[in-house]
Amino acid sequence: DIYAVPCVVVPRVCAFCIALPCLVVFAILVAWVGGALVCSTNVASDIPWQEFFTSLSRVVDTKAVLNGLSKSLIFAVIIGFISCHQGLATIGGPRGIGRSVTKAGVNSIILILIVDDFVSPLFCQLHF
């Protein structure tokens, strides 16, 4: 017998907890490089790379970046557990899989919005 929680759920949730913050860091870096590229190639602004990143370091709050990374970790746990729950409860062959994937996506989005509604003020109160 295979025990689903230690053999399936825990590794997937751990993988989500590693992958989602990495994706957030990647997205942030791509956004910064994209902003620098647009500023340096746009004739109207003509801001060099060095000046862009110098002003970026003054404008970007480290707490905001850490806030986003912390939230991504919380959201990773939510997505991981909901996806595993829906996957383990799937019946009905390929159609059942399609329904479960859709339910997992919708449920994850809704729960993330609800949790974010509580986490954001909490982080604000904690000055995080």
- [ ] Select, from Ile112, Ile47, the only residue that is hydrophobic (A, V, I, L, M, F, W, C) and under 19 Å from the mean Cα position of the chain (by Cα).
- [x] Ile112
TODO: Report the residue count in the stretch 60-80 for those that are more than 21 Å from Val10 (Cα to Cα), part of a helix (DSSP H, G or I) and of a type in the set (A, V, I, L, M).
DONE: 3
Open item on the list: Of the residues Val119, Val43, only one is surrounded by fewer than 16 Cβ atoms within 10 Å (Cβ to Cβ) and among the β-branched types (Val, Ile, Thr); which?
Closed with: Val43
Task: In the stretch 118-128, the residues that are within 17 Å of the chain's Cα centre (by Cα) and closer than 14 Å to Gly68 by Cα - done: Val119, Ser120, Phe123
Task: Members of the stretch 1-57 found to be β-branched (Val, Ile, Thr) and farther than 22 Å from Lys71 by Cα, listed by number - done: Ile2, Val5, Val8, Val33, Val38, Thr41, Val43, Ile47, Thr54
- [ ] Tell me, please, whether a residue that is out of contact with any strand residue (DSSP E or B) (no Cβ under 6 Å at 6 or more places or on another chain), surrounded by 12 or more Cβ atoms within 10 Å (Cβ to Cβ) and under 18 Å from Asn107 (Cβ atoms) can be found in the stretch 17-30.
- [x] yes
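Is it true that Ser83 is more than 14 Å from the chain's Cα centre (by Cα) and within 22 Å of Val13 (Cβ to Cβ)?
Against the criterion (more than 14 Å from the chain's Cα centre (by Cα) and within 22 Å of Val13 (Cβ to Cβ)), Ser83 qualifies.
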TODO: Test each condition in (1) out of contact with any Gly (no Cβ under 8 Å at 6 or more places or on another chain); (2) of a type in the set (A, V, I, L, M, F, W, C); (3) within 19 Å of Ala4 (Cβ to Cβ) for Ala104 and report the one that comes out false.
DONE: (1)
TODO: Could you list all residues from the stretch 94-116 that are free of Cβ contacts under 8 Å to residues at least 12 places away in the same chain, of a type outside the set (A, V, I, L, M, F, W, C) and open to solvent by 40 Å² or more (accessible area, probe 1.4 Å)?
DONE: Pro94, Arg95, Arg99, Thr102
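The values are calculated or read from the model by the stated rules, or taken from the named source; none is laboratory data. For clarity, every value in this text was computed on a predicted model and none was experimentally measured. Using ideal geometry, Cβ is built from the backbone for each residue, glycine included, and neighbour counts are taken over all protein chains shown. Accessible surface areas use protein heavy atoms only, side chains included; no ligands, DNA or RNA. Shrake-Rupley method; radii C 1.70, N 1.55, O 1.52, S 1.80 Å.
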